[in-house]
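Down below is the structure, laid out as structure tokens.
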Amino acid sequence: MKVGFIVDGKSEFEALPKLMPLLSTIDQFRPMRPVLATVSADAPIDTISFVVAEIIGTLANRNPDRVVVLWNREQRPECPGVLAQARWHGISRQSQGAHSLSVVGKDRMFENWLAAALPTLSHPSARFRLSKSDERLIVSDKADHTDALSLLKRSTAGREYDKVADSKRILAAANVDEIAANSRSFRRFLRCLGHPDYLHQSRSPRRP
Amino acid sequence: MILDEELHIHAEVESNDSQLIMMATRRQDALSLSSPLIAHGTEITWLDMVIERPVQTAEALDTLQLWSLPAPLSLLAQVKLFSPIVDVFATSVATVRVYRFDPLAGRGPGIPSVSGEITPRGNQLPALAAFLQAQHPMAWEKTVQRVRLVAPDVDHITVRSDHDRRLRLEFSESGLISPWTDNEVSDGTLRSLMLFAAIFDPRGSLKAFEEPENSLHPWAIRAFVDACREVLAEPAPKQLAVTTHSQALIDYVTPEEVTIVWRQDGATMVRPLLQLDPTVRDYWAEGRGRLSNLLNSGLLLETVPSSST
């Protein structure tokens, strides 16, 4: 399955390809490089839908079987599922249902997924030092509810946290199972891709 | 007696790959120049030039020696002394003009000169205007017409000589008693005058414009592209190169006209868009999306500022 990704931030655009080799357990998974939709995450749903639908037209040039739209929830009050569904309807209407489409809301932002990966990086470097108290804000399954960007900033040693370079560093050494264990919105992402552990549900982490 | 001679100029386009970029040939008294790359507006980094020495007789071909000259442009002046075709080539290079206009520069007074050349930043705009008015009135008329597309209230533009004999521009509007001076008109009006005057100036075989979109309304950008096309359709051979980050400009040209320039491993890479991705032609022609959307989306990494290229 050839999957196209539409993302809303430069960090996702640069770092998501680092995650793709870790998803080899997904049957027939052929990820494309993400493309960036340049519109504010705070824009009205119809505005976002219009821009994303245009990008879907652009992606169509590469014939994806499925298009996954990743969008930050940010500080919107709606629950993630309702928000993702509203966005799905808006984009489907604008793109006239041209493609198999999934909308995944990152809860609340990409950094929450990165924070979810921090406790078990496969190559822990001196760059990230996670305190015990911060670790408790992530495990188990709490990463979506924490102020992830602040956590990442205070867990970074040396130079200030770099949203693009450090997100690439983290995902290159990440463990998919651990991110999934700590972030429900990430499990929803895996489910959209057909990950074998989350084919039927993404509410709870897979039991070891 | 020299019978024939040829000049082949190569550039290193990719590492370890030398590509012919210009060939000059002399057959008795007839000179011809051709270039497979420059015809597409490709910007070249001059790295190497190979000159076949003038051939004295047909037999001398067996002993032909090649010269390899580093930094060839600095040596062209010496080389042209013995080779008429290098002379022709050097003259062609001398007519290359690069413009990166700054409205502030255009607001200054002009110094009267015979050549009436505008500088790359736009100094001497009044001198160019005076030159076109006097020497190429048709080109000046086209220039003012195009400026009116950008600033419809402008009736005519005149060059007057100051008390110290320096040249100043004045922009007259119908209904106004006194004209606007070059210090009073908007950046967009002044910049459009610079662009159109430089475009319609019949001198120069290759002109490059750096980011003409700055301080211009998107409709003015389209008028600029139209002017470029008009000049290119004239019988005199001309090549125009425009660098841009403007969505309005990109959406007003065809994929064939777009060349992508990007950085990779410290080197500047240049490639026609359709060589990077031939499917763009159908994407655009079949109305699946705008060219700017494609280039802006990151689908082609070379077109976005990405650390992954």
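All of (1) of a type in the set (K, R); (2) closer than 21 Å to A:K10 by Cα; (3) within 16 Å of the chain's Cα centre (by Cα) hold for A:K153 with one exception: (3).
Please list, ordered by residue number, the helices (runs of 4 or more DSSP H) wholly in the range B:95-180 having 2 or more residues that are modelled with pLDDT under 90.
Values: elements: B:103-106, B:125-135, B:137-150.
Correct list: B:137-150.
Applying the criterion of at least 2 residues that are within 14 Å of chain B (Cβ to nearest Cβ) and open to solvent by 20 Å² or more (accessible area, probe 1.4 Å) to the helices (runs of 4 or more DSSP H) found wholly in the range A:22-123 leaves A:45-59. Could you check the range B:272-291 and list, in sequence order, the residues that are facing chain A (nearest Cβ under 9 Å) and either among the polar types (S, T, N, Q) or under 22 Å from A:E14 (Cα atoms) (or both)? Within the range B:272-291, B:D277, B:T279 meet the criteria. For B:L294, the conditions (1) in a loop (DSSP other than H, G, I, E, B); (2) within 30 Å of B:G188 (Cα to Cα); (3) within 14 Å of chain A (Cβ to nearest Cβ); (4) among the hydrophobic types (A, V, I, L, M, F, W, C) are fulfilled apart from (1). Go over the candidates A:S133, A:S140 one by one and state the one that is of a type in the set (G, A, S), over 15 Å from the mean Cα position of the chain (by Cα) and modelled with pLDDT under 95. It is A:S140. A single entry from B:S215, B:S192 fulfils the requirement of being among the polar types (S, T, N, Q), assigned to a helix (DSSP H, G or I) and in contact with a helix residue (DSSP H, G or I) (Cβ under 6 Å, 6 or more places away or on another chain): B:S192.
Taken as a whole, the structure places A:A165 among residues that are closer than 15 Å to A:S11 by Cα and surrounded by fewer than 19 Cβ atoms within 10 Å (Cβ to Cβ). Out of curiosity, is A:A174 assigned to a loop (DSSP other than H, G, I, E, B) and surrounded by fewer than 18 Cβ atoms within 10 Å (Cβ to Cβ)? Here the answer is no, as A:A174 does not meet what is asked.
On the given criteria, is A:S11 buried (at least 21 other Cβ atoms within 10 Å of the Cβ), touching a residue at least 60 places away in the same chain (Cβ under 8 Å), touching a helix residue (DSSP H, G or I) at 6+ places or on another chain (Cβ under 9 Å) and of a type in the set (S, T, Y)? Before the answer, list the steps.
On the way: buried (at least 21 other Cβ atoms within 10 Å of the Cβ): yes; touching a residue at least 60 places away in the same chain (Cβ under 8 Å): yes; touching a helix residue (DSSP H, G or I) at 6+ places or on another chain (Cβ under 9 Å): yes; of a type in the set (S, T, Y): yes.
Answer is yes for this residue.
Would you please name the residue that is nearest to the other protein chains (Cβ to nearest Cβ), looking only at residues in the range B:297-309 that are hydroxyl-bearing (S, T, Y) and open to solvent by less than 60 Å² (accessible area, probe 1.4 Å)?
Of the range B:297-309, the ones hydroxyl-bearing (S, T, Y) are B:297, B:303, B:306-309.
With the extra rule that they be open to solvent by less than 60 Å² (accessible area, probe 1.4 Å), the set shrinks to B:297, B:303, B:306, B:308-309.
On the way: B:S297: 4, B:T303: 11, B:S306: 6, B:S308: 6, B:T309: 11 Å.
This residue is B:S297.
The values are calculated or read from the model by the stated rules, or taken from the named source; none is laboratory data. What you see is a predicted model, and the numbers here were worked out from it, not measured in a lab. Glycine gets a Cβ as well: all are built from the backbone with ideal geometry, and neighbour counts include every protein chain shown. Ligands, DNA and RNA are stripped out before the accessible areas are found, and what is left, the full protein with its side chains, is counted by its heavy atoms. Shrake-Rupley method; radii C 1.70, N 1.55, O 1.52, S 1.80 Å.
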